[in-house]
1. How far apart, in nanometres, would the label points at B:ILE184 and B:ALA67 be if each is projected 7 angstrom from Cα along the Cα-to-Cβ direction?
2. Run the simple label-point estimate for B:GLU274 and B:GLU129 please: 7 Å along Cα→C-beta, distance reported in nm.
3. Need one value for A:27-39: mean number of C-beta atoms belonging to other chains within 10 Å of its residues' C-beta atoms.
4. If R₀ is 35 angstrom, what is the calculated FRET efficiency for the pair B:LYS317 and B:ILE259, using the beta carbon separation as r and rounding to 0.05?
5. Picking from B:ASN318, B:LEU231, B:ASN263, whose Cα lies most toward the positive end of the charge dipole for the stretch B:221-341 (charges on Cβ: Lys, Arg +1; Asp, Glu -1)?
6. Mind pulling the angle between the C-alpha long axis of helix B:218-229 and the longest principal axis of chain B? Nearest 10 degrees, somewhere in 0 to 90.
7. Starting from the Cα of B:ASP235, step 7 Å along the direction of its Cβ; do the same at A:GLN15; then give the gap between the two resulting points in nm.
8. Work out the FRET efficiency for A:LYS46 and A:GLN102 from their Cβ-Cβ distance, taking R0 = 35 Å, and round it to the nearest 0.05.
Amino acid sequence: MENIINYEELLLRCQCSKEIAEEIIAIFIKDADARIIEMRTLLQNKNQKQLEICSHALRGAASTISGERVKNIAWEVENLSHIGDLSVIPDRLNELQFALNQIKEEINSWRKS
Amino acid sequence: MTKNTILVIDDNLVDLKLSTLMLEKNGFTVIGINSSSTCMELLITKKIDIVLLDIMMPEEDGIQTLAKIREKYNQIELPIIMVTSKTDASNIINTLQSGANDYITKPVHYEIATRRIHTHLMVAKLSHELAKSKELETINSAISIYNHELNNPLTICLGKLSTLKRKHSLEPEIIDLENALWRISETLKKTAQFLEIDMNLATPNDFSSASSITKISKSQKIKLINILQTLNGFDLKELLDVFEEDPRALVEILVGFQIHHANIFIEIKISLEENNLELAKILVHKLKGTSRNIGAVLLSKAATALDQELKTGQIEKNSINALREAFQTINESIDLLKSEN
């Protein structure tokens, strides 16, 4: 199973600055929470195009913090939206929320390390 | 050293924040915006050196923004690096065809991004310098044409002046005029040398009455140049450059000056004693100009000081004495020159 966050990769991206990495993850958590709520609304409205854009943005943000699990699920939602298969997206959104909560939990212990 | 300014446009707040922090850490000034709506305004009001533009954005996407920027700025004026998570060839080709200078992929590796940014800034800088040097080349070729155009009438003037000199001996106005023309000729010569162009410029030798009589020997020339170089009260370096072929012409000019200005100091003194300041001004001014033209620096300096005082109306006795002494020194030097020549 993939990492919740690949810390090694994240620190490499931040040129070894843990301070910058923590700041970015904090922004990501706030942004991802809002995006998942937005994606639920877009799904309800069957706004396929915007759902694709929104999941793409979440995937990008997750890639930036090396949040592999969120990234992979967001990518799946992006592809499903692109082909118009909205039926399984509610389950994926729940998985997304769960993966995001895992990041929130894990990040607290990482901060202390 | 001034920092280069990067405009980062990305709707993704995480990427925008990370780009800002990392690029600042790597020595840039960063302006970050999360939509392209204010980008054109920023490009006008701020000095932006390079743009990092995300492709996939809601409302106006990166390709549309790129097209808008390219209407005003070309790839040299403003390098744009597109940031994309789509790595397939067709997307990249489309991006580059739309006017992007380059692309980097998401998630961004900031060390690579920084190196690419530096490369594009360097290319832009060199392109600016190349354009500037082409501009200079055009200016140089224009100056070269003007130089040639000026040289022809100048040569004619100098020829005619030589004839006038023979007819009217050594009139001071002719000497002044000749000196002025040689100075113009000298300037043209220097400009031609600077631009490395070949010009057939006249030399005093072409017109010198002295040289038309007998040719000066090398030892005579060296001896005369040595005397002229150390002549008290004179600085003849510039004139010796002009008359290097036959310095006897310069001696003629200096002797002519002595003859035609023999009484000028007495005239100035009398005009001042009679409080005829207007006449004094004219005479001093004339002496100032002529002495400067023949390299009589001591006399020129004294005449300049008196000229200034005449303008303010406060004439010092010392200035008149200095003028007399300078006049005496110059006359003694020319006498010496005549005896040696």
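1. Taking the simple label geometry, B:ILE184 and B:ALA67 are separated by 6.0 nm.
2. 6.8 nm
3. Across the residues of A:27-39, the mean count of other-chain Cβ atoms within 10 Å is 2.
4. Numbers: r = 29 Å, r/R0 = 0.82.
E(calc), rounded to 0.05, equals 0.75.
5. Of the options given, the answer is B:ASN318.
6. Compared with the principal axis, the helix lies near 80 degrees.
7. Between B:ASP235 and A:GLN15, the simple spin-label model gives 5.5 nm.
8. 0.75
Every number here is computed from the coordinates shown, using simple stated rules; none is lab data. Here the structure is a predicted model, which means the values were calculated and not measured. For neighbour counting, all protein chains shown are included, and Cβ atoms are generated from backbone atoms with ideal geometry for every residue, glycine included.
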